[in-house]
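J.: Pasting a structure below so you can have a look.
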């Protein structure tokens, strides 16, 4: 968030009496509430590009709504939204269902949109609203950055909150700390090795590192789609182009975000053709590394790592970017050595009433079992 500080906004609204009320929206049909939704997304305490209308509307329209609703707390007098997130019923682990914010593999970030001036009781009212909306007394905030302002508001404002799962993934800072992290990743040894690989690539054609945004990002994304589909994701059927609904959503989302400079595509090009591309979503001064792909014919030249370091360097010299989130799984073998910052995240469970308290304990066990199996599977895949 830029401009007036969160505390300044809260002070400015202190004297204005606020009456809170709940609202439920179909996120695909927000109607006249679209403006309020976009405004909140633009000024939220912590940015979340996956909970704003530019991402969420095409995502749910093309991949299925599955009972997802937009839970909202707003000022009844002005109509201004103060807190919002997509929510639905979902299994925490293997068995137990909870009311959950709708973070998915396409957007593994569950931080709700919270206005800086939202009163203290907003988060508590939101948790109760979600419980009533879904009919479940246990509310989950998955993939929540634990050191974020939003997490602090939730912990302070919602009774009965517990961390059910915690992990760490790669991130990076801006400024001097970010520069130090980059220097730690781009060591003398790695610099020499990458310079050697670049010289070998230059023997094969004209090598370029490009950063594309705005209108240029849209045709660049088409190149990314083809590049991703040509590799192992295409073979396994997990590339965006593998399914008409995922590519339709992605194209609509990228075109929408590109109009507001909300997407940047950094890539390595050989004789005009991409051999590695990284798609970043830009929101609230942060760069979110959404998708990466590379030409496997050039794997020996580490094009994915080259594109990642180039993107990091680009973000560091951009004064509007204060940091970034890799969105990668913990322990990612390519990303973690290059993204030297770390971000703690987890699942917060909020118990609403006695039934919620009972379910919270069971939910923590269920989630722990599921996460344990995931860790085991990742270890087996690395062998």
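J.: Anything in region 223-245 that is touching a strand residue (DSSP E or B) at 6+ places or on another chain (Cβ under 6 Å) and free of Cβ contacts under 8 Å to residues at least 60 places away in the same chain? List them, or say none.
T.: 223
J.: If you don't mind, there's one more thing I want to ask. Would you mind telling me which numbered condition in (1) assigned by TED's automatic domain parsing to the domain that holds residue 263; (2) farther than 27 Å from residue 256 by Cβ residue 155 fails?
T.: (1)
J.: Here's another thing I want to ask about it. Could you tell me which residue of region 165-186 is modelled with the lowest pLDDT, considering only residues that are under 17 Å from residue 329 (Cβ atoms) and buried (at least 19 other Cβ atoms within 10 Å of the Cβ)?
T.: Across region 165-186, the extreme among qualifying residues is 165.
J.: Quick check on this structure: which one of 60, 149, 109 is at pLDDT 95 or above, farther than 26 Å from residue 245 by Cα and assigned by TED's automatic domain parsing to the domain that holds residue 47?
T.: Working: 60 fails: farther than 26 Å from residue 245 by Cα; 109 fails: farther than 26 Å from residue 245 by Cα.
The conditions single out 149.
J.: Filter region 199-217 down to the residues that are surrounded by fewer than 17 Cβ atoms within 10 Å (Cβ to Cβ) and either at pLDDT below 95 or at negative phi (or both) and list them by number. Before the answer, list the steps.
T.: Step one: filter region 199-217 for residues surrounded by fewer than 17 Cβ atoms within 10 Å (Cβ to Cβ), giving 199-200, 202-206, 208, 210, 214-216.
Within region 199-217, 199, 200, 202, 203, 204, 206, 208, 210, 215, 216 qualify.
J.: Among the residues of region 24-39, is there at least one that is surrounded by 22 or more Cβ atoms within 10 Å (Cβ to Cβ) and assigned to a strand (DSSP E or B)?
T.: no
J.: Same structure, new question: Which of the residues spanning region 246-271 are surrounded by fewer than 19 Cβ atoms within 10 Å (Cβ to Cβ) and out of contact with any strand residue (DSSP E or B) (no Cβ under 8 Å at 6 or more places or on another chain)?
T.: Correct list: 246, 247, 248, 251, 252, 255, 256, 259, 260, 271.
J.: Can you pull out the residues in region 305-319 that are free of Cβ contacts under 8 Å to residues at least 40 places away in the same chain and either surrounded by fewer than 22 Cβ atoms within 10 Å (Cβ to Cβ) or assigned to a strand (DSSP E or B) (or both)? Break it down stepwise before answering.
T.: The first filter runs over region 305-319 and keeps only residues free of Cβ contacts under 8 Å to residues at least 40 places away in the same chain, leaving 308, 317-319.
Passing the criteria: 317, 318, 319.
J.: Do any strands (runs of 3 or more DSSP E) entirely within region 103-214 hold 3 or more residues that are in contact (Cβ under 8 Å) with a residue 24 or more places away in the chain and over 25 Å from residue 267 (Cα atoms), and if so, which? Give the derivation first.
T.: Working: elements: 138-145, 161-173, 207-213.
Strands (runs of 3 or more DSSP E) meeting the threshold: 138-145, 161-173.
J.: In the set 91, 97, which member is surrounded by fewer than 21 Cβ atoms within 10 Å (Cβ to Cβ) and either assigned by TED's automatic domain parsing to the domain that holds residue 239 or more than 21 Å from the chain's Cα centre (by Cα) (or both)?
T.: Numbers: 91 fails: either assigned by TED's automatic domain parsing to the domain that holds residue 239 or more than 21 Å from the chain's Cα centre (by Cα) (or both).
Checking each option against the conditions leaves just 97.
J.: What are the pairs with Cβ atoms under 8 angstrom where one residue, in region 327-348, is farther than 20 Å from residue 314 by Cβ and the other, located anywhere, is assigned to a loop (DSSP other than H, G, I, E, B) and at pLDDT below 95? Sequence gap at least six, or different chains.
T.: Qualifying pairs under 8 Å: 347/92.
J.: Here's a follow-up. Residue 344 fails exactly one of the following numbered conditions: (1) in a strand (DSSP E or B); (2) surrounded by 19 or more Cβ atoms within 10 Å (Cβ to Cβ). What is the number of that condition?
T.: (2)
The values are calculated or read from the model by the stated rules, or taken from the named source; none is laboratory data. Treat the numbers as computed from the prediction; the structure is a model and nothing was measured. No Cβ is skipped: glycine too gets one built from the backbone with ideal geometry, and neighbour counts run over all protein chains shown.
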